[in-house]
Amino acid sequence: MATATVRDLRTRFPKLKEVIEREGEVIVTHRGTPAYVLRAYHAPPPSKASPVNYFGRLKSRQPRPIPVKVSRALDEADRAER
């Protein structure tokens, strides 16, 4: 398994990148002790979950509208108090 120092990452990264592609991973040492492992990143496959219908969820959680007759009665009651 290949090793590299933190300084090597800064100064010789293109060569280390080739080593990672060839060997799969590189152990990075800090002051002589192994500290990190560098590997190539592989994106996870996209999930097949259906998209969430946020507007539909919002509408289902909203209170039902009040009838026009009740709405007018509330408006009349508010006007009478003024």
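What follows is calculated from the coordinates using simple rules that are stated; it is not laboratory data. Just so it is clear, the model here is predicted, and its values are computed rather than measured. Neighbour counts are summed over all protein chains in view; Cβ atoms, including those assigned to glycine, are modelled from backbone coordinates with ideal geometry.
Observations, loosely collected:
- Among the residues of region 36-51, the ones that are basic (Lys, Arg) and within 25 Å of ARG7 (Cα to Cα) come to 1 in all.
- Qualifying residue in region 27-41 (condition: more than 28 Å from the chain's Cα centre (by Cα), of a type in the set (Gly, Ala, Ser) and surrounded by fewer than 10 Cβ atoms within 10 Å (Cβ to Cβ)): yes
- Count - residues of region 35-82 that are under 30 Å from PHE13 (Cα atoms) and hydroxyl-bearing (Ser, Thr, Tyr): 2
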